[in-house]
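Structure record follows, encoded as structure tokens.
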Amino acid sequence: MPLNVFASPEEDVKRFTVRVIQQSSDLFEPENDGGHGSGFIVSLSKTKGFVFTNRHVVAVDEPLMARKIEIEIPLPGNNHRPEKLPARVVFES
């Protein structure tokens, strides 16, 4: 997404901000709600992108828990209704 030099800073922030949704589950709680928070697109191509978010948004309580992560990104041609896309953690610190 190239920056529009005529857009306001607020419009640019909205374009690059996504909602991150994490659902975790284990044997005893198969449908734990997990967490959600915001993230920022730092790299985007036609096939993949990278989003920075806080660790607590995607963290799980126990190492053996499975987690499902999605991002919601508003698309301009979709009446700004967000589209959910699958995501995964590639680095955690």
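What follows draws every value from the coordinates through simple rules; no lab data is involved. Fair warning: this is a prediction, and the values are worked out from it, not measured in the lab. Glycine gets a Cβ as well: all are built from the backbone with ideal geometry, and neighbour counts include every protein chain shown.
Some points to look at:
- Charge sum, other residues only, whose C-beta stays under 13 Å from residue 18's C-beta, Lys/Arg counted +1 and Asp/Glu -1: +1
- Under 5 Å between amide hydrogens, built in the peptide plane, is the criterion, and for residue 38 it picks out 20 among residues at least 5 positions away or on other chains.
- Phi to ³J(HN,Hα) by Karplus 6.51 cos²θ - 1.76 cosθ + 1.60 over segment 8-24, Hz, x for Gly, Pro: 6, x, 5, 5, 5, 4, 4, 5, 9, 9, 10, 9, 9, 10, 10, 10, 10
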